[in-house]
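What follows is a single structure, written as structure tokens, with notes after it.
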Amino acid sequence: MAMTRHSGRWTLEDRFSGPWHYLPVEVPPGACALRVELEYERSGAVMDLGCAGAAGFRGWSGGARRTFVITPDAATPGYLAGEIEPGTWQVVLGLYRLPSGGAEYTVTAEVSSTPGELTPDPAPEMMPPLTDRPAARVLPADSRYRWLAGDLHAHTVHSDGAMTVPELARFAAGRGLDFLAVTDHNTVSHHSELPAASAAHGIALIPGQEVTTEAGHANAFGSIGWVDFREPPDAWLEATRQAGGLLSINHPIGGQVSWIAPMKHRPPLIEVWHWSWLDTRWTTPMGWWMAWDLDAIPIGGSDWHQPGSDAPPGSPTTWVAAEAAEPDAILDAIAAGRTAISASRDGPVLLRLGDEFVASDADGLILAGPAGPKARVRSQLAKFPAADGCHRLVDLTGATVALTG
């Protein structure tokens, strides 16, 4: 077994020179496994971990892990299994936070040519499907479409989430969702697990990745390959467009992770509703949307990671009028702007159907448009003439309950 060790002290000057740094590891012909471990002073420092093989990207775990293993047949979540190609590999370190005096680190890389000598932890067994899944909610729709309930932002163990892909699929299905986008940070290693988990638990799982940097986060949706987060955001948009996917600006008003990155061109989607909209009487997220791009299609996402820290999947719920409960059909519907957002899967919903607004389960709420309140909803299913711009259902305190673009 060959071993490479790098050690030293990262300083603020290193961070100023660039957020990502690369430590070479020579991989000889015949290698069948690579194991990397990062150790560093934790007091005031946060370092991210990733890997580039001789032929390109092989994975990213950010700050969620300190070690990973890659073999031809399996890899630590966040990393891509496959040939351990000979040549120079790079351990990628992100210097996310450093104290004033810097931080000492050690990176140890082991390369094995003996099958079975280095292996990742085994994947957990598949979970049994639910037996008591909530019935689908039926909303008024054009005859060509069905309104599907979903969530466009969630994480698994492939980045910093607590659940495996099957666990997340089962959990979201149990909350009555028809679809879920799995958007782990800066990796696509989870994509290979989505079809089996989708079939097992009866929920459409949309391949996604949360392109994550200090200047902002963006979800790239679709089977589009890995988007290089080290490039400027306009390059993310171009890569996503070229591959037939969709890009969304995430939680633009989200405290320390708000969007501050400049862009020459606007992505088609914006995550208007995110759990960080702590008080829905605030109009800040909608104000940002209007200032950023009036034509951006609104979507919502819980940004689910683990119990006790985030809103659960479906909080908020994104509704999509799609021809089928399949990832491609759902993404086509989103691209066409057939979306609505509600606070929950079973709460009031405001839909745009042709030249009408339809308010469902919203008796007593108020329909509001860009210029303010317009009408009171006086039945469980009410219709109003449609108009341009974002419209909302609000309660008597002015809190948003549902919205549509």
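Test residue 33 against the criterion of being more than 27 Å from the chain's Cα centre (by Cα) and open to solvent by less than 30 Å² (accessible area, probe 1.4 Å), and give yes or no.
So residue 33 passes the test.
Looking for whichever is within 16 Å of residue 153 (Cα to Cα) and surrounded by 15 or more Cβ atoms within 10 Å (Cβ to Cβ) here; the options are 269, 237. Which one fits? Give the steps one after another, and end with the answer.
Working: 237 fails: within 16 Å of residue 153 (Cα to Cα).
Step by step, each of 269, 237 is checked, and only 269 is within 16 Å of residue 153 (Cα to Cα) and surrounded by 15 or more Cβ atoms within 10 Å (Cβ to Cβ).
Looking only at segment 359-405, which residues are of a type in the set (A, V, I, L, M), open to solvent by less than 40 Å² (accessible area, probe 1.4 Å) and in contact (Cβ under 8 Å) with a residue 60 or more places away in the chain?
399, 401, 402, 403
Do any residues in segment 197-226 that are in contact (Cβ under 8 Å) with a residue 24 or more places away in the chain and hydrophobic (A, V, I, L, M, F, W, C) have Cβ atoms under 7 Å from those of residues that are part of a strand (DSSP E or B) and surrounded by fewer than 23 Cβ atoms within 10 Å (Cβ to Cβ), where the two are at least six apart or on different chains, and which pairs are they?
226/57
Tell me which residues, restricted to segment 62-78, are farther than 23 Å from residue 14 by Cα, touching a residue at least 24 places away in the same chain (Cβ under 8 Å) and open to solvent by 30 Å² or more (accessible area, probe 1.4 Å). It would help to see each step written out before you state the result.
Looking only at segment 62-78, we keep the residues that are farther than 23 Å from residue 14 by Cα, and these are 68-78.
Those still in the list that are touching a residue at least 24 places away in the same chain (Cβ under 8 Å) too: 68-72, 74-78.
Answer for segment 62-78, where residues must be farther than 23 Å from residue 14 by Cα, touching a residue at least 24 places away in the same chain (Cβ under 8 Å) and open to solvent by 30 Å² or more (accessible area, probe 1.4 Å): 72, 74, 77.
So residue 81 passes all but one of these: (1) free of Cβ contacts under 8 Å to residues at least 12 places away in the same chain; (2) surrounded by 19 or more Cβ atoms within 10 Å (Cβ to Cβ); (3) of a type in the set (A, V, I, L, M). Which condition number does it fail?
(2) is the only condition that residue 81 fails.
Would you mind finding the one in 204, 172 that is of a type outside the set (Ser, Thr, Tyr), closer than 23 Å to residue 254 by Cβ and under 17 Å from the mean Cα position of the chain (by Cα)? If you could, list the steps in order and put the result at the bottom.
On the way: 204 fails: closer than 23 Å to residue 254 by Cβ.
Checking each option against the conditions leaves just 172.
Among the residues of segment 9-20 satisfying the criterion of being at pLDDT 95 or above and surrounded by 13 or more Cβ atoms within 10 Å (Cβ to Cβ), which is farthest from residue 102 (Cα to Cα)?
Checked segment 9-20; the qualifying residue farthest from residue 102 (Cα to Cα) is 20.
Any residue in segment 50-61 that's free of Cβ contacts under 8 Å to residues at least 40 places away in the same chain: show its pairings with residues that are of a type in the set (Asp, Glu) at Cβ separation under 9 Å, as long as the two are six or more apart or on different chains.
53/83; 53/85; 54/85; 55/83; 55/85
Can you list the strands (runs of 3 or more DSSP E) lying wholly within segment 163-231 that have 2 or more residues being among the small types (Gly, Ala, Ser)?
Numbers: elements: 179-182, 204-213, 216-221.
Output list reads 204-213, 216-221.
Just one of the numbered conditions (1) out of contact with any Gly (no Cβ under 7 Å at 6 or more places or on another chain); (2) farther than 30 Å from residue 124 by Cα is not true of residue 105; which one?
(1)
Tell me, please, whether a residue that is within 30 Å of residue 97 (Cα to Cα) and either open to solvent by 40 Å² or more (accessible area, probe 1.4 Å) or in contact with a Cys (Cβ under 8 Å, 6 or more places away or on another chain) (or both) can be found in segment 152-162. Show your work before the answer.
Just the residues of segment 152-162 that are within 30 Å of residue 97 (Cα to Cα), to begin with: 152-162.
Narrowing the set further to residues that are either open to solvent by 40 Å² or more (accessible area, probe 1.4 Å) or in contact with a Cys (Cβ under 8 Å, 6 or more places away or on another chain) (or both) leaves 160, 162.
Looking through segment 152-162, at least one residue is within 30 Å of residue 97 (Cα to Cα) and either open to solvent by 40 Å² or more (accessible area, probe 1.4 Å) or in contact with a Cys (Cβ under 8 Å, 6 or more places away or on another chain) (or both).
I need every pair where a residue in segment 307-330 that is of a type in the set (A, V, I, L, M) has its Cβ under 8 Å from the Cβ of a residue that is modelled with pLDDT under 95 and in a loop (DSSP other than H, G, I, E, B), sequence separation at least 6 or different chains.
The qualifying pairs are 311/275; 321/142.
Can you give me the number of residues within segment 267-293 that are within 23 Å of residue 331 (Cβ to Cβ), in contact (Cβ under 8 Å) with a residue 60 or more places away in the chain and outside any helix (DSSP H, G or I)?
6
Residue under question is residue 314, and the condition is that it be touching a Gly at 6+ places or on another chain (Cβ under 9 Å), of a type outside the set (A, V, I, L, M, F, W, C) and either assigned to a loop (DSSP other than H, G, I, E, B) or open to solvent by 50 Å² or more (accessible area, probe 1.4 Å) (or both); does it hold? Give the derivation first.
Details: touching a Gly at 6+ places or on another chain (Cβ under 9 Å): yes; of a type outside the set (A, V, I, L, M, F, W, C): yes; either assigned to a loop (DSSP other than H, G, I, E, B) or open to solvent by 50 Å² or more (accessible area, probe 1.4 Å) (or both): yes.
For residue 314, the condition - touching a Gly at 6+ places or on another chain (Cβ under 9 Å), of a type outside the set (A, V, I, L, M, F, W, C) and either assigned to a loop (DSSP other than H, G, I, E, B) or open to solvent by 50 Å² or more (accessible area, probe 1.4 Å) (or both) - is met.
From the set of residues in segment 240-258 that are open to solvent by 20 Å² or more (accessible area, probe 1.4 Å) and in contact with a Phe, Trp or Tyr (Cβ under 8 Å, 6 or more places away or on another chain), which is nearest to residue 151 (Cα to Cα)?
Of the residues in segment 240-258, the ones open to solvent by 20 Å² or more (accessible area, probe 1.4 Å) are 241-244, 246, 253, 255-258.
Within this subset, residues satisfying the condition of being in contact with a Phe, Trp or Tyr (Cβ under 8 Å, 6 or more places away or on another chain) are 246, 253.
On the way: 246: 15, 253: 19 Å.
Selected residue: 246.
Among residues belonging to segment 121-143 that are out of contact with any Gly (no Cβ under 9 Å at 6 or more places or on another chain) and at pLDDT 95 or above, point out the one that is most open to solvent (accessible area, probe 1.4 Å).
Here the residue is 138.
The values are calculated or read from the model by the stated rules, or taken from the named source; none is laboratory data. On a predicted model such as this, the values are computed, not experimentally measured, just so you know. Here Cβ is always computed from backbone atoms with ideal geometry, including for glycine, and neighbour counts include all displayed protein chains. Accessible surface areas use protein heavy atoms only, side chains included; no ligands, DNA or RNA. Shrake-Rupley method; radii C 1.70, N 1.55, O 1.52, S 1.80 Å.
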